[in-house]
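Colleague: Shown below is the structure under consideration.
Every number in this text was worked out from the coordinates using simple rules, so none of it is lab data. Just so we're clear, the structure is a prediction, and the values are computed from it rather than from any experiment. Using ideal geometry, Cβ is built from the backbone for each residue, glycine included, and neighbour counts are taken over all protein chains shown.
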C-alpha cells in the first residue's frame, strides 16, 4: 500500500496523519487515497497504450461493485474509465457520478425488465447476457422500446481460477455464465433475435487471482469459440476478458498488471494476424479489487482489551457489518496501529461489538495495545463499504478521500434515525 506509510511512528495516508482523520471524523471511517486510485487505474490504461491500444482498441471498465462511492466513480471516470455494473442502482450511481453511459457494460445473472429498460434508455455500451431466457427477455424489452440491444454472451470456460470458492466464477457448477459447450448454440439464438445485436464475448473466471495462467487459459477458450462463430458468419467486435487480478493482503505476490496485459495482447495480436488479417477487435477489462483494494483502509478505535484463559481480545468499534470479508471468507486483513507504541506486544483477536461469534476482523495478531488506541484495518478499499450492512441497527461508516494534504468527507456517517426513517407503525 504505497500511499499508506509510517512517518515518525505515525501512520499516514499520503501527507495526512490517519490519527487526525480519526479525531476529525470519528470511527469507524473508511479512508481512500486519491493517488493510489489513480496509480492503480493507470497501471491498466498505460499498459493498454503501451501496446498501441487507445480507447477504441481497449476499454478498462471498473467493477462498480467493488467500491461504488460517487467520488471514486467520478475520479475514475475523469481518468477515462468505463464501468462494469451488476444492477440498475449501480447504473444510477454511475450517472450521478458523471460517468459516460456509453462506456457501461451490464453484467449479472438476474437482470429485471425494469433494469433492462433503464439501461436501454441510457444507451449503455453492452449487456453481458448469461442465459437464453435472458436473451428472450431483453429482445422483448428492446422491441417494446423500438430499440436494438447490443449484447455479449458471458461464457463459462470451466477454468479453475484456484481462488476462494465463493469468488470463483468460471467452473461448471458456478451460477454464472453459459456453459462452454452450449455457447455456440446460444450465440445462434442471439443472432436470430431481431432486437439484439451480437457485438462481443465476455469471460470472468473469478477474483483475487495471483497467477495469470488461468486467465490466459480462459482467453484461449474464448478465442476458440470466436473462431467457431466466425466460421458461421458471426463476427465479434470485442473480447471482454473480465477482471480478477489479485492484490497483496499479506504475503501474496500477484502478477503485475503490465506483465499480464503484455502476454494477453501478444496472444490476441498473434491470433488476429493469423486468422483475421489484423482486423481490429477491441479488448475490455473489468478490474475492481486491483484498483481500489489497497487504496483504502478502515479506521477503528479499541474499546476494551479483554484477556481470557485461552484468548486475548481487542474489542473495537468496527464490526462485521462494516467489513464483512473476514466473517464471510475468513479473509486476511493487516492491522496496524496509527501510533506505534514502545511496549510489549501480545497476541489478540481483533473483534467487533456485533452479537455474533463470527464478528471478527483479524485473528492471532501481535499488537502492543491499550484501550482507546486507534487501528487501521488495511487493504479495505474493495468490498468493504459496498458489502456493509446495518445489522444490530449500526449506522454505516463515514468515508473520506485524501488528496495530498487535503481530506474530503465523501459520505457522511449514518445515524440510527436514518436507519428507520423509511419504516412506519400501523395506525
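Colleague: Order of 67-73, 257-263 by packing, highest average Cβ count within 10 Å first? Can you show the working numbers first?
Modeller: On the way: 67-73: 22.4, 257-263: 17.3.
Sorting 67-73, 257-263 by mean packing, highest first, produces 67-73, 257-263.
Colleague: Something else now. Output the 0 to 90 degree angle, nearest 10, between the alpha-carbon long axis of helix 213-231 and the longest principal axis computed from the alpha carbons of the chain.
Modeller: 20
Colleague: Now for a separate question. For the peptides 412-425, 321-334, 26-39, 80-93, what is the packing order when you average, over each peptide's residues, the other Cβ atoms within 10 Å and list the highest mean first? Mind showing how you got there, number by number?
Modeller: Working: 412-425: 10.0, 321-334: 19.4, 26-39: 22.7, 80-93: 21.2.
Put in order of decreasing packing, that is 26-39, 80-93, 321-334, 412-425.
Colleague: Moving on. Mind ordering 364-372, 179-187, 339-347 by average Cβ neighbours within 10 Å, highest first? Could you put the intermediate results ahead of the total?
Modeller: Numbers: 364-372: 14.0, 179-187: 16.4, 339-347: 11.1.
So the peptides 364-372, 179-187, 339-347, ranked by packing, come out 179-187, 364-372, 339-347.
Colleague: Turning to a different aspect of this structure: For the range 216-345, how big is the tail of P(r) above 21 Å, as a whole percent of Cα pairs? Show your work: numbers first, answer last.
Modeller: Values: 5056 of 8385 pairs.
Distances greater than 21 Å cover 60 percent of the Cα pairs.
Colleague: What three numbers, in Å, describe the spread of the alpha carbons of the range 34-289 along their principal axes, ordered from the longest?
Modeller: In descending order, the Cα extents are 50, 43, 36 Å.
Colleague: Against the longest principal axis of the chain, how steep is helix 132-144, in degrees 0 to 90 to the nearest 10, with axes from Cα atoms?
Modeller: Approximately 80 degrees, to the nearest 10.
Colleague: While we're looking at this one, here's another question. Under a no-solvent Debye model with one identical scatterer per Cα of the chain, what's log10 I(q)/I(0) at q = 0.08, 0.14 Å⁻¹?
Modeller: -0.48, -1.26
Colleague: Let me ask something else. I'd like the distance between the alpha-carbon centres of the range 390-414 and the range 242-295, rounded to an integer number of Å.
Modeller: Each part reduced to its Cα centre gives a spacing of 32 Å.
Colleague: Looking only at Cα atoms, what is the convex hull volume of the range 292-391 per residue, in Å³?
Modeller: Working: hull volume 9.1 nm³, N = 100.
In the range 292-391, the Cα hull volume divided by residue count equals 91 Å³.
Colleague: List the relative contact order of the range 287-427 as a percent without decimals, with contacts defined as Cα pairs under 8 Å and 6+ residues apart. The partial results should precede the final answer.
Modeller: Numbers: 280 pairs, mean separation 39.1, N = 141.
28 percent.
Colleague: Using helices alone, I'd like the mean residue ellipticity at 222 nm for the chain: each DSSP H run of four-plus residues gives -39500 (n - 2.57), total over residue count, nearest 500. List each step's numbers first, then the result.
Modeller: Working: 12 runs with 130 residues, N = 427.
After summing the helix terms and dividing by residue count, I get -9000 deg cm²/dmol.
Colleague: Can you give me the angle between helix 180-192 and the longest principal axis of the chain, using Cα atoms only, in degrees from 0 to 90, rounded to the nearest 10?
Modeller: So the inclination is approximately 60 degrees.
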